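A.B. asks: To start, I am sharing the structure in question, which I have written as structure tokens.
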Amino acid sequence: MIALTAAEIADITNGRLAADPGIVPTSVFTDSREAVAGSLYVAKPGENADGHAYVGAAFERGAVLALTERDVSDDDGRPYPAVVVDDAVIAMGALAAESVRRIRAARAAQGEDFTVIGITGSAGKTTTKDLLAGVLSRAGATVAPQGSYNGEVGVPLTVFGADEKTRYLVIEMGATGVGHIKYLAEMVRPDIGVVLCVGSAHAGEFGGVENIAKAKGELVEALGQDGTAVINLDDARVAAMSSRTRAKVLGTTATGNSASGNTASAVEARNFDVDHDGHPEFELLLPDGGVPHPVHSKLIGAHHIINLLAAAGAAFAAGLPAADIADSLSAQSPASRWRMERTERADGVTIINDAYNANPESMRAALRTLADLGHGRRTWAVLGAMLELGEDSIREHTAVGTQVVRLNISRLVVVGREARALYVSAIQEGSWGDECSFTETADEAYELLQAELEPGDLVLFKSSNGVGLRYLGDRIALPPTGTSANTAAAPAADEGNELL
Ligand SMILES: Nc1ncnc2c1ncn2[C@@H]1O[C@H](COP(=O)(O)OP(=O)(O)OP(=O)(O)O)[C@@H](O)[C@H]1O
Ligand SMILES: [Mg+2]
């Protein structure tokens, strides 16, 4: 992070300096257990605990300053060095905004460029963020979010990872309502804005898909004239965003959709296909007047073409040469866990663990990929609930159940009550018997799979993060301890009881 004194922090956040440590913090943490020597600890009221209770713990770990919403004193009644603000999260945003401004000014004074790239969309943000960071880090110091940090806390924390030496700052932007992306975009002022797709993720909270389109488009609305909006022309709601920006528009397409409106140019995937293992391959054509460059990705699933093209478009807008972009996209494996993560068990069972998260779009994409990868093998879909769908929940789960049958997936295991509509609709659609199972818990699903998986089977795990099927997938991916999967030992009693 850039150097900010406690007095400057108070000034930027409209806060009150309770006690000045006289030391400049060098990093920022919101979890007291992670605080390190020299850090700024942000005490915010959380969902489960109030961060103010851990100020002392953070100082014990070496924090030098706290950002709090009230005065906090040690056991002897002495106030901890702190800046006291009305709202710690808003204060983090103000600090992040000032950090970006100072980095930009400091680099400009040295004659150095600084490029901020914002990425949003209903699915694929983290995948695209990882791909883009992989490409950009070949060309200069790159800071990108940890994991899937993408909100009012995660974005400032990402910014605090950057300093005057940072060349590229990649920001993932998530939203659960109209105005959220606008807030984040005004904080980091991106030069390049990437919009991937508009889906029904969080449709319940948003109040409909049109509101999602409105919210995602706030990113391109925030760009200046010198900026570039990288938009997916193959999604009609995203393509329509070209009229909502002052920036240059760089469209991406895998289907030859033509650039329209003020779309200046396009990034194209020609001859797009997936190979036998589900890896996307295509010829990348950039609007640089050059020849197409082959890309053969290590990601799994046709849907990743959107993310690959978006990363290519953003890297091109940031000035990278086409050949380097294509090389890097071909070289990168999935960087974050539980995203179409493939494990080959020694007994010939293949596990695809995509249970990092789930919404209707990513569920459909994963199931299509499972069907594509089948090639005559027995396919299993082990599915848990898609959470946060609000009043659409039953309808969306029902639609997935129908899709499983239509895709001819061999076996369906539905785990957990919240996903029961999926099971019921699959039974109704296919009048299945043994092919379709429902289990209340992940432990029961584990027993069922251990008993019934056979060499050659291909098993997909997919659910929302909160359901935790990723851990079930991890347990099934462990090498069987017996001579075959059917004789694998039962799990230790203390394993996995918290999965659901
Ligand atoms: N274009 C796409 N269409 C459908 N599913 C996709 C697409 N891109 C990625 N996915 C799938 O969506 C899931 C989440 O991917 P990723 O983590 O990249 O998305 P995200 O937008 O960062 O999600 P979150 O909102 O949880 O941060 C994964 O299962 C991934 O395979
Ligand atoms: Mg994410």
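The values are calculated or read from the model by the stated rules, or taken from the named source; none is laboratory data. The shown structure was predicted, so the numbers you read here are calculated from the model rather than taken from an experiment. FYI the Cβ positions are ideal-geometry reconstructions off the backbone, even for glycines, and counts take in every protein chain you see. The accessibility values were calculated without ligands, DNA or RNA, using every heavy atom of the protein model including side chains. Shrake-Rupley method; radii C 1.70, N 1.55, O 1.52, S 1.80 Å.
A.B. asks: Helix-derived [θ] at 222 nm for the chain: sum -39500 (n - 2.57) over DSSP H runs of at least 4, divide by residue count, nearest 500?
C.D. replies: -9500 deg cm²/dmol
A.B. asks: Could I ask something else about it? Share of antiparallel DSSP beta bridges in region 218-297, in percent to the nearest 5?
C.D. replies: If we restrict to bridges inside region 218-297, about 45 percent are antiparallel.
A.B. asks: State the three equivalent ellipsoid semi-axes of region 205-317, derived from the C-alpha gyration tensor as the square roots of 5 times its eigenvalues, in descending order and whole Å.
C.D. replies: Output for region 205-317: semi-axes of 25, 18, 11 Å.
A.B. asks: Please go through the residue pairs 248/462; 298/462; 44/129; 44/298; 165/214; 129/214 and name each one whose alpha carbons sit more than 31 Å apart in this structure.
C.D. replies: Result: 248/462; 44/298; 165/214 exceed 31 Å.
A.B. asks: As a test, work out the antiparallel percent of DSSP beta bridges whose residues both lie in region 6-86, rounded to the nearest 5.
C.D. replies: 30
A.B. asks: If one computes P(r) from the Cα atoms of region 112-331, what percent of pairs lie at distances over 22 Å?
C.D. replies: 44
A.B. asks: Something else about it: Enumerate the amide H contacts of residue 413 below 5 Å, restricted to partners 5 or more residues apart or on another chain; note that Pro and chain-start residues carry no placed amide H.
C.D. replies: Residues meeting the amide H criterion: 381, 382, 383, 437.
A.B. asks: For every other residue with a beta carbon closer than 10 angstrom to the beta carbon of residue 140, add +1 if it is Lys or Arg and -1 if Asp or Glu, then tell me the sum.
C.D. replies: +1
A.B. asks: Let me ask another. Work out how far the C-alpha atoms of the chain reach from end to end along every principal axis, then list the three figures in whole Å, largest first.
C.D. replies: That gives 69, 64, 41 Å along the principal axes, largest extent first.
A.B. asks: Here is a follow-up. At q = 0.20 Å⁻¹, what is the log10 ratio I(q)/I(0) for region 1-151, with the Debye formula run over Cα points and no solvent?
C.D. replies: -1.24
A.B. asks: Further question: Size of the dipole of region 21-69 about the Cα centre, Lys and Arg at +1 and Asp and Glu at -1 on the beta carbon, nothing else charged, in debye to 20?
C.D. replies: Once rounded to the nearest 20, the dipole reads 160 debye.
A.B. asks: If you don't mind, there's one more thing I want to ask. Using alpha carbons only, how many angstrom separate the centre of region 86-117 from the centre of region 130-166?
C.D. replies: If we compute the Cα centre of each part, the gap is 13 Å.
A.B. asks: Considering only protein heavy atoms and a probe of 1.4 Å, how much of the accessible area of region 112-331 is carbon and sulfur, as a whole percent?
C.D. replies: C and S fraction of accessible area: 47 percent.
A.B. asks: When DSSP assigns beta bridges and you keep just the ones with both residues in the chain, what percent turn out antiparallel, to the nearest 5?
C.D. replies: Taking every DSSP beta bridge within the chain, about 25 percent pair in antiparallel fashion.
A.B. asks: Within region 36-126, report the GluC sites (Glu not before Pro) that DSSP leaves as loop and that have at most 16 other Cβ atoms within 10 Å.
C.D. replies: Answer by residue number: 47, 112.
A.B. asks: I need the helices of the chain that pass two filters: whole DSSP H segments spanning 30 Å or more by Cα along the axis, and mean Kyte-Doolittle score no lower than -1.0.
C.D. replies: Helices meeting the span and hydropathy rule in the chain are 88-109.
A.B. asks: Expressed as a fraction of 2.2 N^0.38 Å, the rule-of-thumb size for a compact globular protein of N residues, what is the C-alpha radius of gyration of region 6-86?
C.D. replies: With N residues counted in region 6-86, Rg over 2.2 N^0.38 Å equals 0.96.
A.B. asks: A follow-up question, please. As an exercise, identify the trypsin sites (Lys or Arg not before Pro) in region 104-166 lying in DSSP coil whose Cβ has no more than 16 other Cβ atoms within 10 Å.
C.D. replies: 138, 165
A.B. asks: Further question: Which value, in Å³ per residue, describes the convex hull spanned by the Cα atoms of region 341-487?
C.D. replies: Taking only Cα atoms, region 341-487 has a hull volume of 91 Å³ per residue.
A.B. asks: Let me ask another. Considering the options 131, 239, 296, tell which one lies farthest towards the positive end of the dipole of the chain, charges being +1 on Lys and Arg and -1 on Asp and Glu at the Cβ, about the Cα centre.
C.D. replies: Highest projection toward the positive end goes to 239.
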